[in-house]
Amino acid sequence: MAGEKRLAILSLTIFSLLIQSTSQTAHDELKANNFPIGLLPTNVLSYTLNKTSGDFSVNLGGTCKLTLPPDNYLASYSKKVTGKLVENKIEGLNGIRVRAFYQWWSITGIKSSGDNLVFEVGMVSAKYPSKNFDQMPSCQGRSSASA
């Protein structure tokens with residue numbers, strides 16, 4: 001009986017260490033998929049990722065406004081950002097908008113292309129060096145209303 005109890009405790013300890021060593025943050029997942037960590041703000045509370053389908057959801061806890069480099073576009077993140085992560089691409093993106101030309105535009109996809117990121121806004125796209133997104137931005141303002 002005592003031997004079984006020790007074996008169970010040892011098994012639980014090993015299992016616990018495995019979970020801790022493999023747990024990743026949303027920013028770690030970005031890096032593992034060839035995207036810079038600065039695509040998400042610092043205030044990520046939680047995330048889910050279906051490794052089979054690539055569907056993901058990121059919970060920020062509230063809306064977030066920040067300035068994106070290099071052209072200092074004002075960006076608005078909803079409290080929940082969703083999409084699908086496929087090889088070198090985030091598609092079906094929902095929850096990130098940028099202000100350009102006096103109006104708000106939804107970013108619908110992001111492609112990682114070598115040293116560049118290509119942001120898709122409907123049928124239009126813009127390319128920026130991915131090194132501009134090496135640092136995680138902090139939210140400038142938070143609110144409970146959706147963006």
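The values are calculated or read from the model by the stated rules, or taken from the named source; none is laboratory data. Keep in mind that this is a model prediction, so the values were computed, not measured. Ideal geometry is used to build each Cβ from the backbone, glycine not excepted, and the neighbour counts take in all protein chains shown.
Within the bounds of the stretch 104-114, is there any residue that is of a type outside the set (S, T, N, Q) and in contact with a Pro (Cβ under 6 Å, 6 or more places away or on another chain)?
No, because not a single residue in the stretch 104-114 is of a type outside the set (S, T, N, Q) and in contact with a Pro (Cβ under 6 Å, 6 or more places away or on another chain).
Of everything in the stretch 88-137, what is in contact with a strand residue (DSSP E or B) (Cβ under 9 Å, 6 or more places away or on another chain), among the acidic types (Asp, Glu) and closer than 18 Å to LYS31 by Cα? Give them in sequence order.
Of everything in the stretch 88-137, those that are in contact with a strand residue (DSSP E or B) (Cβ under 9 Å, 6 or more places away or on another chain), among the acidic types (Asp, Glu) and closer than 18 Å to LYS31 by Cα turn out to be GLU91, ASP115.
Take the conditions crowded, with 19+ Cβ neighbours inside 10 Å, in a loop (DSSP other than H, G, I, E, B) and touching a helix residue (DSSP H, G or I) at 6+ places or on another chain (Cβ under 9 Å) and apply them to PHE35. Does it pass?
Yes, satisfied.
What residue, of SER16, SER106, SER11, SER23, is among the hydroxyl-bearing types (Ser, Thr, Tyr), over 20 Å from SER130 (Cβ atoms) and modelled with pLDDT of 90 or more?
Details: SER16 fails: modelled with pLDDT of 90 or more; SER11 fails: modelled with pLDDT of 90 or more; SER23 fails: modelled with pLDDT of 90 or more.
Matching residue, one of SER16, SER106, SER11, SER23: SER106.
So is ILE96 closer than 19 Å to ASN34 by Cα and aliphatic (A, V, I, L, M) or not?
When the stated conditions are applied, ILE96 does not pass them.
Restricting attention to the stretch 38-55, which residues are under 10 Å from the mean Cα position of the chain (by Cα), aliphatic (A, V, I, L, M) and in a loop (DSSP other than H, G, I, E, B)?
Within the stretch 38-55, LEU40, VAL44 meet the criteria.
Rundown of residues vs (1) surrounded by fewer than 14 Cβ atoms within 10 Å (Cβ to Cβ); (2) in contact with an Asp or Glu (Cβ under 6 Å, 6 or more places away or on another chain); (3) free of Cβ contacts under 8 Å to residues at least 60 places away in the same chain, yes/no style:
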position	(1), (2), (3)
LEU39	no, no, no
GLY54	no, no, yes
LEU74	no, no, yes
TYR77	no, no, no
VAL81	no, no, yes
ILE90	no, no, yes
VAL121	no, no, yes
LYS131	no, no, no
ASP134	yes, no, no
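Against the definition (assigned to a strand (DSSP E or B) and of a type in the set (A, V, I, L, M)), how does VAL58 come out, yes or no? Break it down into steps so the answer makes sense when it comes.
Working: assigned to a strand (DSSP E or B): yes; of a type in the set (A, V, I, L, M): yes.
The answer is yes for VAL58.
So which of LYS80, LYS84 is in a strand (DSSP E or B), within 18 Å of GLN24 (Cα to Cα) and among the charged types (D, E, K, R)?
Of LYS80, LYS84, the one residue that is in a strand (DSSP E or B), within 18 Å of GLN24 (Cα to Cα) and among the charged types (D, E, K, R) is LYS84.
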